[in-house]
Amino acid sequence: MFRSTRSVVPEILDTLDACDPEALRSRRDLRWLDWFLGGSGWIVRSVLERRELAEQGVVELGAGEGRLCAQLAALLNRRAVTGLDFMARPADLNTGVGWRTGDIFQILPEIEGGIVVGSLILHHFSSEELARLGEQFDRFQLVLFSEPLRSPWSLRLSRLAHPFVGRVTRHDMPVSIRAGFQPGELAGLLGLDKATWKVSEVSRLSGVLQFKAWRD
């Protein structure tokens, strides 16, 4: 059943050891889903449109396997890209890309830059945590996030993917969608001041919400 309000509950992948076979399968599924949703591609294009800000530093929240960081670093000054995640630095990540392991809420206050980005990360946070996170964005000029669109259509679309993904992903997809966002929610949840920030949101038929906020 679809709920009009957010429901944030744990996802199976977050409880598995990184080397667990089901976790490895789920991360492969997520790479495929990212391609279908177009989240990372949209973020890369948006960052390249603001190269002057990117050179001040790009920080990715929930960088995971470091694939988006690597893409950005290949197109920008490698030293300008930093990934933040609970996971350890990926072994194959270019040494020129920055990486910080630990709690985002403890690490982000220590980092400044021009752009902060994330793909499928904000829906993991409660409303209270999103408000805490948004307080840290005032040190950046551009905010880019690709998140699950919370809608009946997204849930129906996720069921079509069941034959192609593993057990963990089949469980986690609807959980992510129910924790996702509808247009007009994220700016308020992040506490972005309307007098300071301009906001653009696009809902895609693929079931993703592309959120952009910037300061002039």
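Filtering W35, W42 for residues that are aromatic (F, W, Y) and more than 27 Å from I111 (Cβ to Cβ) leaves a single hit, W35. Here Q106, Q71 are screened, and the one residue that is surrounded by 14 or more Cβ atoms within 10 Å (Cβ to Cβ) and either modelled with pLDDT of 90 or more or closer than 26 Å to W214 by Cβ (or both) is Q71.
So that you can scan it fast, the table gives a plain yes or no per residue for (1) farther than 29 Å from P163 by Cβ; (2) at pLDDT below 90:
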residue: R25; (1), (2): no, no
residue: A80; (1), (2): yes, yes
residue: G114; (1), (2): yes, no
residue: V117; (1), (2): yes, no
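Check the stretch 14-32 and report whether any residue there is in contact with a Gly (Cβ under 7 Å, 6 or more places away or on another chain), within 20 Å of G118 (Cβ to Cβ) and part of a helix (DSSP H, G or I). Yes, the conditions are met somewhere in the stretch 14-32.
Here is a yes/no grid of residues against (1) buried (at least 22 other Cβ atoms within 10 Å of the Cβ); (2) at pLDDT 95 or above; (3) closer than 24 Å to V59 by Cα; (4) touching a strand residue (DSSP E or B) at 6+ places or on another chain (Cβ under 8 Å):
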residue	(1), (2), (3), (4)
E129	no, yes, yes, no
D138	no, no, yes, no
E147	yes, yes, yes, yes
R167	no, no, no, no
M173	yes, no, no, no
L186	yes, yes, yes, yes
K194	no, no, yes, no
E201	no, yes, yes, yes
R204	no, no, no, yes
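The residues in the stretch 191-211 that are over 17 Å from S40 (Cα atoms), not in a strand (DSSP E or B) and not charged (D, E, K, R) can be counted, and the count is 5. The helices (runs of 4 or more DSSP H) falling completely within the stretch 61-165 that include 3 or more residues that are touching a residue at least 24 places away in the same chain (Cβ under 8 Å) and within 20 Å of V9 (Cβ to Cβ) map to 127-134, 152-160. Considering the conditions (1) among the small types (G, A, S); (2) touching a residue at least 12 places away in the same chain (Cβ under 8 Å); (3) not in a loop (DSSP other than H, G, I, E, B), G188 is excluded by exactly one of them, (2). Taken as a whole, the structure places N77 among residues that are over 23 Å from F211 (Cα atoms) and in contact with an Asp or Glu (Cβ under 9 Å, 6 or more places away or on another chain). Listed by first and then second residue, the pairs with beta-carbon distance under 9 Å, at least 6 apart or on different chains, first residue in the stretch 35-58 and under 24 Å from L149 (Cβ atoms), second part of a helix (DSSP H, G or I) and charged (D, E, K, R), are S40/D34; S40/R67; G41/D34.
The values are calculated or read from the model by the stated rules, or taken from the named source; none is laboratory data. In this text, all values refer to a predicted model and were calculated from it rather than measured experimentally. So basically every Cβ, Gly included, is an ideal-geometry build from the backbone, and we count neighbours across all protein chains shown.
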